[in-house]
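The values are calculated or read from the model by the stated rules, or taken from the named source; none is laboratory data. Everything numeric in this text was worked out from a predicted model, so none of it was measured. In this analysis, Cβ positions are derived from the backbone assuming ideal geometry, glycine residues included, and neighbour counts consider all displayed protein chains. When the accessible area is computed, the model is the full protein with side chains, heavy atoms only, and any ligands, DNA or RNA have been set aside. Shrake-Rupley method; radii C 1.70, N 1.55, O 1.52, S 1.80 Å.
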Amino acid sequence: METGPEKRMMPTSENKTEPLVREGFVWDAQDAYLFDIDGTLLRSRDRIHVDSFASSVRQVTGFEISLSGVVLHGGTDTAILREAFAQAGVPVEAWEPQVAAILEAMRQAVVRQRSEMDLRMMPAVRETLAHLAEKGALLGLATGNLELIGWTKVEEVGLREWFRFGGFSDHFSVRSEMVAHAVSKARELLGNKPGASVCVVGDTPRDIEAARANGLPVIAVATGNYSFEELAALEPDVCTASLAALPVVRA
């Protein structure tokens, strides 16, 4: 069993916490990286994606749902939809036959409004991606977004060029299964190199859980809705306040 990270403090005037790094783990020496989008690469300051759930369900089925009370952070779009229907008391047999049409309506709702998106890139994202790419790493996505929505967000903040592939929730409501699919893509692109290492980068406990379920190392970034302490308690291989705090990026 691997030991948890050791706590180290950076003696600066701001008294910021140093990243916690599992002994022996080199954060920028993995063969491939799977980045989450929301809360990790960027933050959405609009409600376009969130509102697409209820509007698309109403358009396709006539049912009314709400995401109030549904945990969105780290969830997959397909699982969020399922939970919202359950919360509204709508029987599975009443909506499941129409799920493909609902998901397509969501995709189109977001794409129609892409010019109105208000997205903010997280600190040092571009520098981190450039650093990893310079070291020869393969970069991909592993996100709960539907594929078209995920790529739209990444394109809108100017990051599309860095990513060669991705894992999305169109066909996976369980995050660990989506990550497993992304890992298989990564290994294929790496030429099925024996012992190739694939690392997950995310901002929620669900990212950590999905990585662990697949036997992968994970870098937890506290730029989303979970604090450094909450993420560190789950003992990821790296826990950092932001990508900007990682040693090489900060230098």
Can you tell me how many residues within the range 222-231 are in contact (Cβ under 8 Å) with a residue 60 or more places away in the chain and buried (at least 20 other Cβ atoms within 10 Å of the Cβ)? 4
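Residues are listed down the side, and each one gets a yes or a no for (1) aliphatic (A, V, I, L, M); (2) open to solvent by less than 10 Å² (accessible area, probe 1.4 Å):
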site	(1), (2)
178	yes, yes
186	yes, yes
190	yes, no
194	no, no
202	no, yes
213	yes, no
220	yes, yes
Can you tell me which of (1) crowded, with 17+ Cβ neighbours inside 10 Å; (2) in contact with a Lys or Arg (Cβ under 7 Å, 6 or more places away or on another chain) is the one residue 118 doesn't meet? (1)
Among the numbered criteria (1) without any contact (Cβ under 8 Å) to a residue 40 or more places away in the chain; (2) closer than 18 Å to residue 80 by Cα; (3) open to solvent by less than 60 Å² (accessible area, probe 1.4 Å), which one does residue 209 miss? (3)
Within the range 59-71, residues surrounded by 17 or more Cβ atoms within 10 Å (Cβ to Cβ) and in a loop (DSSP other than H, G, I, E, B) come out as 63, 65, 67, 70
Quick one: residue 111 ticks every box in (1) closer than 27 Å to residue 182 by Cα; (2) more than 19 Å from the chain's Cα centre (by Cα); (3) at pLDDT below 95 except a single one, so which number is it? (3)
Residue 106 passes all but one of the listed conditions (1) over 30 Å from residue 31 (Cβ atoms); (2) out of contact with any Leu (no Cβ under 7 Å at 6 or more places or on another chain); the exception is number (2)
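Does the range 76-87 include one or more residues that are open to solvent by less than 70 Å² (accessible area, probe 1.4 Å), among the small types (Gly, Ala, Ser), at pLDDT 95 or above and within 19 Å of residue 171 (Cα to Cα)? Spell out how you get there, then give the answer.
So the first thing to find is which residues in the range 76-87 are open to solvent by less than 70 Å² (accessible area, probe 1.4 Å), and the list is 76-81, 84-85.
Okay, now just the ones that are also among the small types (Gly, Ala, Ser), so 79, 84.
Going one step further and asking which of them are at pLDDT 95 or above, we end up with 79, 84.
Going one step further and asking which of them are within 19 Å of residue 171 (Cα to Cα), we end up with 79, 84.
Checked the range 76-87: at least one residue is open to solvent by less than 70 Å² (accessible area, probe 1.4 Å), among the small types (Gly, Ala, Ser), at pLDDT 95 or above and within 19 Å of residue 171 (Cα to Cα).
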Selection within the range 172-211 - more than 23 Å from residue 242 (Cβ to Cβ) and in contact with a Ser or Thr (Cβ under 8 Å, 6 or more places away or on another chain): 172, 173, 174, 178
Any idea which of 75, 140 is in a loop (DSSP other than H, G, I, E, B) and over 14 Å from residue 48 (Cβ atoms)? 75
